[in-house]
Amino acid sequence: MSPDVIEQRSADPVVEVTGLCVDYHDPLGRIRVLRDVSIAIWPRETLALVGESGSGKSTLARAIVRLLPRTGVITAGSVSVEGREVTTMSERDLLSVRGSRVGFVFQDPDVYLNPVFSIGRQVSDVILQHKPVEREQAWQAAEQQLARVDIRNPALVMNAFPHQLSGGMRQRVMMAIATCCGPALLIADEPTTALDVLVQRQVLGTLAHLKRDVGMAVLLVTHDLGLVAENADRVAVMYGGTIVEVQSADKIFVEPKHPYTAGLVAASRPAGRRFATLAGSPPDLRKLGTGCPFAPRCERALARCTGEMPPLQERPEGGGAFACWNPIP
Ligand code: ATP
Ligand code: MG
């Protein structure tokens, strides 16, 4: 954990999620996708959210500012952003939180960049939306913002259109848009998954210095534990719509408490010339019982695990939490 984060613990969290439940409605009925999720993100920290596909990472990231698809509903719990309750906030107030206090970068920038407007127009429009400045000032601020995300020819790129830029450049533009109002939190949902490994590292390098420059916290959603080791202060592990472990990025690789975390860690490292695999497959959320969702795949499962969901409890020595009846000693 960086010294910055320890220092900031005396401050209030940027985001506090408590007992959050989210359901999706689809033609087959209702599925509970988030179950009693509680997590806090502290000023200036990078919290990585990891877990297999379908575990609910994007749903949690989007629920923080109620950017869920129309079929998604928050059915219980609370989300507070800088002390303001989001679950009951008016749409108008939400607009002042989104883009201004909380910025977003998603996996596919093409969904969010408009193909018919220049990059300069799109970045400066966001600045105009949130700040009391004239168009010319907004244009200049947008150009500076592009330089901040390490775009080498900002003046040229201002007049370019999205299709003229590489994938890495488009993701940098998204980062410029997401941070132009100096947010307290940046949510980055698989921001580099679509990029090749070299570009991925460069973009994450930009994200790291942007975080320091802006002084913001980052929620980094990823399924790549390798990225976590280099880029996060803390890690929250999701499984079957619940958080099963929260731990510092230093400790999680060496002292995982939850068997699922241990499986993920093993699968991220080559054993000999092969990567270990995690046996079994993620749960069908429609068929979850009352017990731990990982129990059917767990070598350490006890009879209790299939009947009763373990609560997220603090580690006895502090500095982390896990939800398991039979944790790794
Ligand atoms: P990935 O790593 O694949 O991005 P994720 O951890 O982000 O996965 P989510 O996208 O949050 O997972 O999805 C969680 C669950 O919710 C999945 O079972 C998914 O099928 C379901 N789901 C997601 N979006 C919808 C939707 N719009 N309607 C119905 N179900 C959905
Ligand atoms: Mg996702």
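Each reported figure results from applying straightforward, stated rules to the coordinates on display, with no laboratory input. Keep in mind the model is a prediction, meaning the values are calculated, not measured. Cβ placement follows ideal geometry from the backbone for every residue including glycine, while neighbour counts extend to all protein chains displayed.
The GNM of the chain, with springs linking C-alpha atoms under 10 angstrom apart, assigns the highest mean-square fluctuation among Gln171, Gln122, Gln202 to Gln202. Does anyone have the angle between helix 197-214 and the longest principal axis of the chain? Alpha-carbon axes, 0 to 90°, nearest 10? With both axes taken from Cα atoms, the answer is about 80 degrees.
If you take every residue apart from Cys324 with its C-beta less than 14 Å away from the C-beta of Cys324, what net charge results, scoring Lys and Arg +1 and Asp and Glu -1? It works out to a net charge of 0.
Enter the angle in degrees (range 0 to 90, nearest 10) between the Cα long axis of helix 135-148 and the first principal axis of the Cα atoms of the chain, meaning the one along which they spread out most. Compared with the principal axis, the helix lies near 50 degrees. Could you tell me how many degrees, from 0 to 90 and to the nearest 10, lie between the Cα long axis of helix 119-130 and the main elongation axis, the longest principal axis, of the Cα atoms of the chain? With both axes taken from Cα atoms, the answer is about 80 degrees.
Out of every Cα-Cα pair that the range 1-112 contains, those further apart than 25 angstrom amount to 25 percent.
Ranking of His163, His258, His130, His209 by neighbouring Cβ atoms within 10 Å, starting from the fewest: His163, His209, His130, His258. Mean residue ellipticity, 222 nm, helices only, the chain: the sum of -39500 (n - 2.57) across DSSP H runs of n ≥ 4, divided by residue count and rounded to 500, is -9000 deg cm²/dmol.
In a DSSP loop and with at most 11 other Cβ atoms within 10 Å, the GluC sites (Glu not before Pro) in the range 79-170 are Glu134.
If you take all other residues with their beta carbon under 13 Å from the beta carbon of Leu312, and give Lys and Arg +1 and Asp and Glu -1, the sum is 0. Within the range 67-152, the proportion of Cα pairs with more than 21 Å between them is 44 percent.
Treating the Cα atoms of the range 200-329 as identical point scatterers in vacuum, please give the log10 of the normalised Debye intensity I(q)/I(0) at q = 0.15 Å⁻¹, two decimals. Those come out to -0.78, one per q. Taking other residues whose beta carbon is less than 10 angstrom from the beta carbon of Phe104, and scoring Lys, Arg as +1 and Asp, Glu as -1, yields +1.
Distances between every pair of Cα atoms in the range 142-254, grouped in 10 Å steps from 0 to the bin holding the largest one, split as 13, 43, 31, 11, 3 percent.
Over the chain, the pair-distance histogram of Cα-Cα distances with 20 Å bins from zero comes to 31, 57, 12, 0 percent, rounded to whole numbers.
The trypsin sites (Lys or Arg not before Pro) of the range 195-292 meeting both criteria, a DSSP state outside H, G, I, E and B (loop) and at most 16 other C-beta atoms within 10 angstrom of the site's C-beta, are Arg273. Listed by chain and number, the lysines placed with their C-alpha closer than 26 angstrom to that of Lys251 are Lys57, Lys211; residues fewer than eight positions away on the same chain are left out. Residue separation of Ser281 and Ser118 scaled by 0.36 nm, minus their Cα-Cα distance, works out to 54.3 nm of gained length.
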